[in-house]
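First comes the structure, then the notes that go with it.
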């Protein structure tokens, strides 16, 4: 209940950037989001839209994350109460739940909160099976439940599998499994896995959002394997291993008190607090090990697999804020900070730190009066107070900026026009407005990075934005963009290009024309020279008048870089001259 109150008071009231708006769209329309499709999450989220139908449609899906994260804390406290007592269990689970990345996942529409709840359920099944007083039948049931939940990871989210090693360690007590047990586990795993059959059923309804169009075995496998993306293998490493692990430590330094120093780079005060929490985590691990070595080993394995193990498996490039001055100039970086991939590890760290704090309070209780011995528990409030200013999604302009930006971008397109978009943040909020709220259905959004996917080209062909003879063969980005432009000219559909799109991609649409900035978008301009950029002052003035002043208010510390980018794009309407630095640096004017 404590965590529920914290999450409810800071949860996003509306759209957020990145994948959240796409997931909201899938939840409301029973569509299929980007690979691997997460069909079980889509069904759960659709149920959430009905359970919480009294609130705004975006908020109703976010409440699934809120409740899943709060229940994760409750489930963990259920086990911890046996190990360290009820008071310590509450303190430890609250400390785990307010770690920065965990808190962030709890307050927006994403898959990770539900995946964490299911992963913790798997850990509880292992803990149940491995208790010293468990009967043979209870052990078999607990182990069987681990197998079934592991199977659910594929239709829900693969991050659930991060908890499998720890669950096995928790359950490692009693008689060894026989061949019959293994067969039962395999059958239960297959039963959980069979939920992927939801995907072709959803696709058969022909939703507008139909990533991968998985109506054949080949397309279903392709979607589940994420073949649309260039998924990295374990080798070669996309960044030096020491740097990948160092990146995890950078994200770890944000978890306890990011509000103390709301910037990516370390600072003495914040890092000292992080080290203090690391010390408390060691104390907590020792306390659990003394209670039951099996529990201590399980928590150690969970912490290792959800941090170092995830870093090894994902083989990420350096984060946007990491490796500067170390990696060569121009070295590839991730598009955004990926700390959310490690949320389960940071959650385990917070849990252990809470157990360590309980151990300190218990030791003091032997020497001090009871009221004084409880004072260390006040330390648990530190991450609540320090992280809240950064984790709060209810403050303006963050709370409404994605909707404002998306609506203005759609309104910048003439009736029946085509909008060429650059990626997630100038696409997913637009999809939500169109498919859920029926806003500007006359506009066709063409997202350049998705053009390489055949299912996406098929959708554009159905919308009349791409010739059908370019659906099956992949002609390459340049030829496909040129075909979109030719098709629009033939059908007399106006074309507008998001200012988020790279200038090179914009010029490839039509090498014979120039482009005029109309505020948030560019329009082809025959009067300008080929590839030239000009300003349409009348359209710029109209666009500037439509931008609410509140949308350009100062952002809170450590705000999502996507919000800063959106504000910069909204300011494109204020450009006065072709030499304006904003045109060159932020509005793709080059």
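The values are calculated or read from the model by the stated rules, or taken from the named source; none is laboratory data. All values derive from a computational prediction rather than experimental measurement. Cβ atoms come from the backbone with ideal geometry, glycine included; neighbour counts cover every protein chain shown.
What to note about this one:
- Test: residue 316 is part of a helix (DSSP H, G or I), touching a residue at least 12 places away in the same chain (Cβ under 8 Å) and in the same structural domain as residue 231 (by TED's automatic domain parsing): no
- Within the range 421-449, tally of residues that are in a helix (DSSP H, G or I) and either within 21 Å of residue 566 (Cα to Cα) or modelled with pLDDT under 95 (or both): 12
- Test for residue 331: is it touching a strand residue (DSSP E or B) at 6+ places or on another chain (Cβ under 8 Å), buried (at least 22 other Cβ atoms within 10 Å of the Cβ) and more than 28 Å from residue 131 (Cβ to Cβ): no
- Hits in the range 80-116 - residues which are surrounded by fewer than 24 Cβ atoms within 10 Å (Cβ to Cβ) and without any contact (Cβ under 8 Å) to a residue 60 or more places away in the chain: 81, 82, 86
- Among the residues making up the range 450-477, a single one is without any contact (Cβ under 8 Å) to a residue 24 or more places away in the chain and touching a strand residue (DSSP E or B) at 6+ places or on another chain (Cβ under 7 Å): 463.
- The one condition in (1) outside any helix (DSSP H, G or I); (2) under 15 Å from the mean Cα position of the chain (by Cα); (3) buried (at least 21 other Cβ atoms within 10 Å of the Cβ) that residue 14 fails to fulfil: (2)
- Test: residue in the range 117-135 that is part of a helix (DSSP H, G or I) and either touching a strand residue (DSSP E or B) at 6+ places or on another chain (Cβ under 7 Å) or closer than 27 Å to residue 436 by Cβ (or both): yes
- Members of the range 193-210 found to be surrounded by 20 or more Cβ atoms within 10 Å (Cβ to Cβ) and either without any contact (Cβ under 8 Å) to a residue 60 or more places away in the chain or closer than 27 Å to residue 311 by Cα (or both), listed by number: 196
- So residue 294, is it crowded, with 17+ Cβ neighbours inside 10 Å, assigned by TED's automatic domain parsing to the domain that holds residue 386, in contact with a helix residue (DSSP H, G or I) (Cβ under 8 Å, 6 or more places away or on another chain) and farther than 27 Å from residue 169 by Cβ: no
- Within the range 373-410, tally of residues that are part of a loop (DSSP other than H, G, I, E, B) and closer than 18 Å to residue 555 by Cβ: 9
- Meets criteria (surrounded by 14 or more Cβ atoms within 10 Å (Cβ to Cβ) and either within 29 Å of residue 349 (Cβ to Cβ) or not assigned by TED's automatic domain parsing to the domain that holds residue 460 (or both)) for residue 238: yes
- Check on residue 262, loosely packed, with under 14 Cβ neighbours inside 10 Å and out of contact with any strand residue (DSSP E or B) (no Cβ under 7 Å at 6 or more places or on another chain): no
- Applying the condition of being without any contact (Cβ under 8 Å) to a residue 12 or more places away in the chain and within 30 Å of residue 291 (Cα to Cα) to the range 170-181 and asking which residue is surrounded by the fewest Cβ atoms within 10 Å (Cβ to Cβ) yields 176.
- Exclusive hit being surrounded by fewer than 16 Cβ atoms within 10 Å (Cβ to Cβ) and under 18 Å from residue 419 (Cα atoms), set 529, 504, 519: 504
- Residue match in the range 36-59 (condition: under 30 Å from residue 380 (Cβ atoms) and touching a residue at least 40 places away in the same chain (Cβ under 8 Å)): yes
- Selection of the range 55-72 for residues being touching a helix residue (DSSP H, G or I) at 6+ places or on another chain (Cβ under 8 Å) and either farther than 17 Å from residue 433 by Cα or not in a helix (DSSP H, G or I) (or both) yields 55, 63, 64, 65, 66, 67, 68, 69, 70, 71, 72.
- Some residue of the range 268-278 being more than 24 Å from residue 92 (Cα to Cα) and either free of Cβ contacts under 8 Å to residues at least 12 places away in the same chain or in contact with a helix residue (DSSP H, G or I) (Cβ under 9 Å, 6 or more places away or on another chain) (or both): yes
- Some residue of the range 545-556 being outside the structural domain of residue 261 (by TED's automatic domain parsing) and modelled with pLDDT under 90: yes
- Which listed residue is within 26 Å of residue 533 (Cβ to Cβ), within 27 Å of the chain's Cα centre (by Cα) and in contact (Cβ under 8 Å) with a residue 12 or more places away in the chain, from 447, 480: 447
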